[in-house]
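The values are calculated or read from the model by the stated rules, or taken from the named source; none is laboratory data. Here the structure is a predicted model, which is why all the values come from computation and not from measurement. Here the Cβ positions follow ideal geometry from the backbone for every residue, glycine too, while neighbour counts run over all protein chains shown. The protein model used for the area step is the full one, side chains on, heavy atoms only, and it has no ligands, DNA or RNA in it. Shrake-Rupley method; radii C 1.70, N 1.55, O 1.52, S 1.80 Å.
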Amino acid sequence: MNIVFLHIPKTAGQSVHHYLVTNFDEKVIFPARVNSQILNYTIGEIKKYKIFSGHFDLSFLDIVDQPKFTFTILRNPKDRILSYYFYIRNEAKKLTKQELNSPERQGMKAALELSPDEYFCDENLNIRQFIDNHYDNFYMYYFAMRSYQGKSFAEQLIKLNILDINNVYEKAIDSLKQLSAVYDIRNWNDLTDDLKKILPNKNLIDLEDNIHINKGDGKNNDERIKELMLLGATEKTLNRIDEFCKYDNFIYEKFCGKKGSNTSPRT
């Protein structure tokens, strides 16, 4: 049984990865954690591994052999956006000036140096597309287009009248339904129970026995909004963030519900 974890930023993914590393032999864990690292491996090399955990495009799943247990974790969309923004700001503060000016760190640099209104709303920002790909209804665009560049791809198809926004939303729902399980960050410990069902001969430790990697500051959305406003955010930014959650709120409610129930595992 192959196991694939689709790690969406700021959804307890580091803790889940630690759990997988703790429970499985290093030899069966695919070393790549992001899309660009996958290019270092041939398809034949990839097929030698059993555990895949990282920020991967869904299209990567096509080369992972069946049977496989594929899962992801969702979080309240606004909570995820605010947590992600403050997380990368804090990470940026740890970098040297040289590191912060490197091409691969421009997203972090923007979060640290720009005002919230500029970061979230300035349409002329040279990394506008990069930022929006990670914030704007990420669940919908990622699962619909099967890519971290989901919003960019969807916009191109919408401009060509190949899709409309309702089609994109429906494709996202269909894609999520194809996963073995979708967990809510509030009850991600259910993963242990599900893996015990599909791997009855495997002695798995419980998730609650793991440390929480990259645990947030514990602030709620109201506290983070106040902090955002102290940084200069206006209603323009707050409205923009609400727009970024519009379709993802429906997806979160549909798959996680008010009680945070996950889908039944399918293998």
| request: Considering each of Ile51, Ile46, Ile38 in turn, give the residue that is in contact (Cβ under 8 Å) with a residue 40 or more places away in the chain and among the aliphatic types (A, V, I, L, M). | output: Ile51
| note | When Asn101 is run through (1) more than 24 Å from Leu199 (Cα to Cα); (2) at pLDDT below 95; (3) surrounded by 14 or more Cβ atoms within 10 Å (Cβ to Cβ), the failure sits at (3)
| task | Kindly provide the set of residues from segment 14-29 that are more than 19 Å from Tyr85 (Cα to Cα), open to solvent by 10 Å² or more (accessible area, probe 1.4 Å) and in contact (Cβ under 8 Å) with a residue 40 or more places away in the chain, ordered by number. | result | His17, His18, Thr22, Asn23
| request: Test Thr11 against the criterion of being open to solvent by less than 10 Å² (accessible area, probe 1.4 Å), of a type outside the set (Phe, Trp, Tyr) and part of a strand (DSSP E or B), and give yes or no. | output: no
| message | Would you confirm whether or not segment 151-167 contains a residue that is outside any loop (DSSP other than H, G, I, E, B), touching a residue at least 24 places away in the same chain (Cβ under 8 Å) and surrounded by 16 or more Cβ atoms within 10 Å (Cβ to Cβ)? | response | no
| Within segment 112-131, which residues are in contact (Cβ under 8 Å) with a residue 40 or more places away in the chain and either open to solvent by 10 Å² or more (accessible area, probe 1.4 Å) or outside any helix (DSSP H, G or I) (or both)? | Ser115, Asp117, Cys121
| query | Regarding Ser59, is this residue in contact with a helix residue (DSSP H, G or I) (Cβ under 8 Å, 6 or more places away or on another chain) and touching a residue at least 40 places away in the same chain (Cβ under 8 Å)? | reply | no
| So which residues in segment 102-146 are among the small types (Gly, Ala, Ser), touching a helix residue (DSSP H, G or I) at 6+ places or on another chain (Cβ under 7 Å) and farther than 16 Å from Tyr169 by Cα, if there are any at all? | Gly107, Ala110, Ala111
